[in-house]
Structure formats: structure tokens, C-alpha cells
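The values are calculated or read from the model by the stated rules, or taken from the named source; none is laboratory data. Every value quoted in this text rests on a predicted model; they were computed, and no experiment measured them. Cβ sites come from the backbone with ideal geometry, for glycine too, and all protein chains shown count toward neighbours. Quick note on the areas: whole protein, heavy atoms, side chains included, nothing else; ligands and nucleic acids left out. Shrake-Rupley method; radii C 1.70, N 1.55, O 1.52, S 1.80 Å.
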Amino acid sequence: MNPKVLSIFNNAKIFLSQEELKELALCIDKEFGKPAPKKVKKSNALENWTLESVTEMLIATQFNKKRRA
């Protein structure tokens with residue numbers, strides 16, 4: 001956190017009551033909006049492979065009767 005912002009926050013905690021801090025937080029959220037949630041990176045199929053899943057994929061694709069032409 002920026003040192004200037006941290007100083008303001010610490011002063012607000014000292015001089016404001018809990019209700020006033022909540023009201024300030026609501027005003028800040030209303031003025032600037034809440035930060036957008038970070039996107040969760042989807043795991044790549046290759047990252048989570050196991051021997052069984054690779055075997056199942058090979059059986060389904062390589063030994064398909066339609067492919068044996």
C-alpha cells in the first residue's frame with residue numbers, strides 16, 4: 001500500500017468510529033467502484049494429465065474403427 005494512503009488509513013482508524021469507517025468504505029466503493037475480481041487461469045489439460053487419462057484418450061482416438069481405413 002502506498003505510504004501516503006497507509007498514513008491516511010491509520011489516521012482514519014484513530015479518529016473515526018466503526019460506523020463512520022463503514023460509511024467511508026461505502027462512499028469509496030460507490031465513488032470508485034469495487035475492484036473487478038481477478039480472472040482465474042484455467043488449467044491446461046496437459047498440466048493435469050495422468051497415465052490413465054492419456055491411455056483413455058489414446059484408446060478413444062487411435063483405436064477408433066472408423067480411422068482404420
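Quick rundown of the values:
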item	result
Only listed residue being surrounded by 10 or more Cβ atoms within 10 Å (Cβ to Cβ), at pLDDT below 85 and out of contact with any His (no Cβ under 6 Å at 6 or more places or on another chain), chosen from 40, 54	54
Residues within segment 9-37 that are of a type in the set (Gly, Ala, Ser) and touching a helix residue (DSSP H, G or I) at 6+ places or on another chain (Cβ under 7 Å), tallied	1
Failed item in (1) open to solvent by 80 Å² or more (accessible area, probe 1.4 Å); (2) at pLDDT 70 or above, with residue 16 passing the rest	(1)
